[in-house]
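All of the numbers you see were taken from the coordinates with simple rules; none came from a lab. Please read these numbers as outputs of a predicted model, since none were measured by experiment. Reconstructed Cβ throughout: ideal geometry from the backbone, glycine too, with neighbour counts over all protein chains shown.
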Amino acid sequence: RSLGEQVKSVQTLELSRKENKSKYTALKKMDENFDWYKDGVKAILKYAASKDLQCEREVFGIVADFITPDPGYETAVEAVLGEGLQYVLVKDQHVCESSINYLADQNSGRSGFIPLSSLKPLSLKNEITSNSSMLLNHVHVKNGFEKALEALLGNVVVVSDLKEALRIWNQNGHVQTIVTIDGQLISE
């Protein structure tokens, strides 16, 4: 390659690097300001971050920050959890109550809360066909938050397509959620 082509290539790479750095800086600032969240969620997270360590040990963050779906299962998880991805994980019902009161007192919006100490895992009593599996088995969760994941996804079956979802739904003897890998949802 000629020197001119190499210089042009370096200039293109440098411009791309600067653009990516600028995007990264903007995204980092948005993340620090909780710009991705609904008003109530943002208010609780900012309040918890501004308080002492005790408050930080009682308000852990949102569900989305604690789970990582396997590649290819992101859409299925998003379809099932929807707004629940922004539910705030808290220590117990007392923290839940005080957080709701804080939002009301500050007129700061609404939020969903999951009190970890009150969670009870769900269990399935029927057999799942070999072509389907529990969505729970395709999502990783940070240590210490397994009960939350079980409560949120413990009754969710993931299948490859809508035909399989309908087959399982029609033979199913109890309430259960079925989602296809591309996010089509069947639930009561």
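In terms of the Cα gyration tensor, with a ≥ b ≥ c the square roots of its eigenvalues, is region 132-188 rounded because a/c is under 1.5, prolate because a/b exceeds b/c, or oblate? It comes out prolate by the Cα gyration axes. Straightening the chain between Lys46 and Glu19 buys 6.8 nm, computed as 0.36 nm per residue apart minus the Cα-Cα spacing. Were the residues from Arg110 through Asn143 laid out at 0.36 nm apart, the gain over their Cα-Cα distance would be 9.1 nm.
So if R0 is 35 Å, what FRET efficiency would Ser187 and His94 give, r being the distance between their Cβ atoms, rounded to the nearest 0.05? Calculated transfer efficiency: 0.70.
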